[in-house]
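Contents: one structure, followed by commentary.
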Amino acid sequence: MAELVTDQIIEEAIRNTGLSRFDSTSFREGLDILVADINGDEWAPEFRERSRPALLKAVSDRLLLTAALDARPELLTTEIKTPLFVLGLPRTGTTLLSNLLAVDPKRRPLLAWEIRAPVPPPKGDALYTDPRALAALEAERAMLAARPDIGKYFRGSATFPDECVWVMAHDFKTLMWESRGKLPGYREWILQADMRSAYEYHKKFLQLHQADAPGIWSLKMPSHSLWIPDLLRVYPDAKLIWTHRDPITATASLCSLISMGNKGAMGKSDVEWIGKYYPWQAAQHAERAMDARDAIGEDRIIDFHYADMMRDPLGEVRKLYIALGDELTPDAQAAMQAWLDDNPQDKFGRHEYKLAQFGLEKKDLDKLFERYLSRYDIEPEG
């Protein structure tokens, strides 16, 4: 396959959608850097072939969203009131907590299916029954029937909340792109990039999607931890929840998940690269969140511990609602319990992973997370 060319990807997106206006060209820098990295990879031909559809879809979705907002420009003046963001190190329970928050009737999760098919935005009474949602659920059932082991890596579904990474991908500023392969140029850039444009685009996405399906947004992405100051510039009244878990276990799980993602995108997994880089990246989630907390105030972020949630999920959610100053209604509690009953731990099998697979030892990670472990009372695992 020939090298990827940014202009060609954009031109194809314009042809496919019949649209030509972007709300901003802020996405271009990240796309250029990402394309250059993919072209330069040692497994470039296969990597390019596997990457191109995802790049094209992100550009196309941005065109579609721009057109949808051009048709309803008044939406750009609507407020996003007190959105809730769940963040933390990767693999620390952000998904489980987000799934519980999502079934509270007063909250508005960002569902996986609507991220994948963002235009037209859903109607509130059809958020879970839109034909696109039903089609996605059917595809999901077929996938799990063919590969039941997939479910043990990530507790996701078309009608479950999904990560903000997929929205920020339209601005090409997200670790989702970086996690696809060995991309040193993009990796170096994304961790020092000004993320404001990505959060501004994220806000436009929410403004469109709350228009006909309102509610208090409940959102999640572990890597919001890296960019809390940028997040708060766009969402100054945001409520932030930091999930805590033994970082040694969380890092081993992250490395395993990245390995699986590499195989999907590149057709191979570079375990040496993963072991060298991803523990440091995981530690950055803690370091930057601590730095941000020092700057904005200890009470600006609410702590939520994975170990406590595993023992008593509803009890911990009740404490969380008190800290948030929100009411946890009987209906919301019943919905959360029903979700837990239907989605027990290891429903699809146990996700097995070991540090040694990636050339890592616990003593190295203890040093890497020394500041985090000395600041927070984290229950060790294993």
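The values are calculated or read from the model by the stated rules, or taken from the named source; none is laboratory data. None of these values were measured; they are calculated from a predicted model. Glycine also receives a Cβ, built like all others from the backbone with ideal geometry; neighbour counts cover every protein chain displayed.
Of Asp270, Asp294, all but one fail to be surrounded by fewer than 16 Cβ atoms within 10 Å (Cβ to Cβ) and of a type in the set (Asp, Glu); the exception is Asp294.
Residues are listed down the side, and each one gets a yes or a no for (1) under 22 Å from the mean Cα position of the chain (by Cα); (2) under 29 Å from Leu232 (Cβ atoms):
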residue	(1), (2)
Trp280	yes, yes
Ala292	yes, yes
Ala295	no, yes
Phe304	yes, yes
Asp341	no, no
Asp366	no, no
Glu370	no, yes
Ser374	no, yes
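In a residue-by-residue description of the range 217-226, the property of being among the aliphatic types (A, V, I, L, M), modelled with pLDDT under 95 and closer than 26 Å to Asn99 by Cβ applies to no position.
Looking at Tyr186, Tyr199, which is the one that is farther than 15 Å from Pro109 by Cβ, of a type in the set (Ser, Thr, Tyr) and touching a residue at least 60 places away in the same chain (Cβ under 8 Å)? Matching residue, one of Tyr186, Tyr199: Tyr186.
From the list Ala2, Ala36, Ala68, Ala58, the one residue that fits, being touching a Phe, Trp or Tyr at 6+ places or on another chain (Cβ under 9 Å) and surrounded by fewer than 21 Cβ atoms within 10 Å (Cβ to Cβ), is Ala36. In this entry, Ala250 passes the filter for residues that are in contact (Cβ under 8 Å) with a residue 24 or more places away in the chain, of a type in the set (A, V, I, L, M), surrounded by 24 or more Cβ atoms within 10 Å (Cβ to Cβ) and closer than 24 Å to Asp364 by Cβ.
Taking the range 261-345 as the region of interest, the helices (runs of 4 or more DSSP H) fully inside it that hold 3 or more residues being in contact with a Pro (Cβ under 7 Å, 6 or more places away or on another chain) are 271-296, 330-342. Filtered by the rule that a residue be part of a loop (DSSP other than H, G, I, E, B), touching a His at 6+ places or on another chain (Cβ under 8 Å) and within 22 Å of Ser179 (Cα to Cα), the range 87-130 gives Leu89, Pro90, Thr92, Leu110. In the condition set (1) at pLDDT 95 or above; (2) surrounded by 19 or more Cβ atoms within 10 Å (Cβ to Cβ), Glu200 is compliant with all but (2). Within the span defined as the range 197-206, one or more residues are touching a His at 6+ places or on another chain (Cβ under 7 Å) and in a helix (DSSP H, G or I).
Here Tyr278 passes the criteria (1) in contact with a Cys (Cβ under 7 Å, 6 or more places away or on another chain); (2) within 28 Å of Leu75 (Cβ to Cβ) except the one numbered (2).
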